[in-house]
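Below: one structure, written as structure tokens.
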Amino acid sequence: MTDPTPLLDRNDLLWFRRKLRAWAKNHLRDFPWRHTTDPYAILVAECLLQKTTAEAVAPVYTQFLAHYPDLPALLNADRGALEALLAPLGLKFRAERLLSAATEIRDRHRGQVPDREADLLALTGVGSYTARAILAVAFGRRAAVMDTNVARILERFFGIRGERVKSRCKRLWAAADEAAPNRDVARWNLTLLDLGALVCTARSPRCEICPLAKRCRWRIDLEA
């Protein structure tokens, strides 16, 4: 997903990284899936988080792993019981997708969650965001993610104009890849997600406490 042509000003990028790393030391949210690097547990978490808030997912994720702690347990799950457990999260097809992905992992990858992006993308219900989140967290890869929170921060701070559907915007994906540091990208991804959720929100952003406010193009333009 990388673009060889730099999109971001180098000085702004270094400052951006430094400020966000400092902010992350005291402000990252705490969720149960953030305490593991187990590929199966991360796959489950990312599938449950699709189109659902982290706060809603947290209790269901804990129950899910208590009932289905590993891939064999999920493969043996009663379909009705699984659907009932996931019902609070909505999206009725979620259980079906998880079971299909589990079957594919068993049949194609000998029961091990794959560590290649192409293989992850071939699993039912796994898109670019989910695949890259798994690569970063479970396998320590330099894999940036892109969602509306990340897109909003990049667009505002760097003055980038993305397409309406952010998840499909190659320009924003390239910017996310370029912005990511070489190490600990899993933590970097969480930092962007949490800043977008807590500070750089879509409506009524809290610019007065934002670590990026001093150089944010969007804020500077508002005050001009």
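Observations
- Whichever lysines have a C-alpha closer than 19 Å to that of Lys214, once near sequence neighbours (fewer than 8 apart) are set aside: Lys19
- Simple label model, 7 Å out from Cα along Cβ direction - Ala66 to Arg161, nm: 5.1
- Averaged per residue, the range 1-149 has 52 square angstrom of accessible surface, using a 1.4 angstrom probe with ligands and nucleic acids left out.
- Accessible surface of the chain [probe 1.4 Å, protein heavy atoms]: carbon and sulfur percent: 49
- Centre-to-centre, using Cα atoms only, the range 32-103 and the range 172-224 are separated by 29 Å.
- A dipole drawn for the chain from +1 and -1 charges on Cβ atoms has a positive end, and of Leu91, Ala143, Leu75 the residue lying farthest that way is Ala143.
- Dipole magnitude for the range 99-169: about 240 debye, using +1 per Lys or Arg Cβ and -1 per Asp or Glu Cβ, origin at the Cα centre.
- Filtered chymotrypsin sites (Phe, Trp or Tyr not before Pro), the range 48-123: DSSP coil and at most 16 other beta carbons within 10 Å: Phe93
- Taking every DSSP helix (H) stretch of at least 4 residues in the chain, weighting each as -39,500 (n - 2.57) and dividing the sum by the residue count yields a mean residue ellipticity at 222 nm of -17500 deg cm²/dmol.
- Fluctuation leader among Arg110, Arg187, Arg132 - the chain, Gaussian network, Cα springs under 10 angstrom: Arg110
- Given charges at beta-carbon only (K, R positive; D, E negative), |dipole| of the chain in Debye: 760
- Net charge over other residues, Cβ less than 11 angstrom from the Cβ of Cys169 (K, R count +1; D, E count -1): +4
- About its Cα centre, the dipole of the range 9-134 is roughly 540 debye, where the only charges are +1 on Lys and Arg Cβ and -1 on Asp and Glu Cβ.
- Overall form of the range 39-136 per C-alpha gyration tensor (a/c, 1.5; a/b vs b/c): oblate
- Those aspartates and glutamates that a straight Cα-Cα span of less than 17 Å connects to Lys51, excepting residues fewer than 8 apart in one chain: Glu83, Glu96, Asp147, Asp194
- GNM result for the chain, Cα springs below 10 Å: residue of Thr191, Thr53, Thr103 fluctuating most strongly: Thr53
- GNM top mover of Pro59, Pro114, Pro211 - the chain, alpha-carbon springs below 10 Å: Pro59
The values are calculated or read from the model by the stated rules, or taken from the named source; none is laboratory data. Since this is a predicted model, take the numbers as computed values, not measurements. All Cβ positions, even for glycine, are placed from backbone atoms using ideal geometry, and neighbour counts span all protein chains on display. Please note that ligands, DNA and RNA were not included when accessible areas were found on the heavy atoms of the full protein model with its side chains. Shrake-Rupley method; radii C 1.70, N 1.55, O 1.52, S 1.80 Å.
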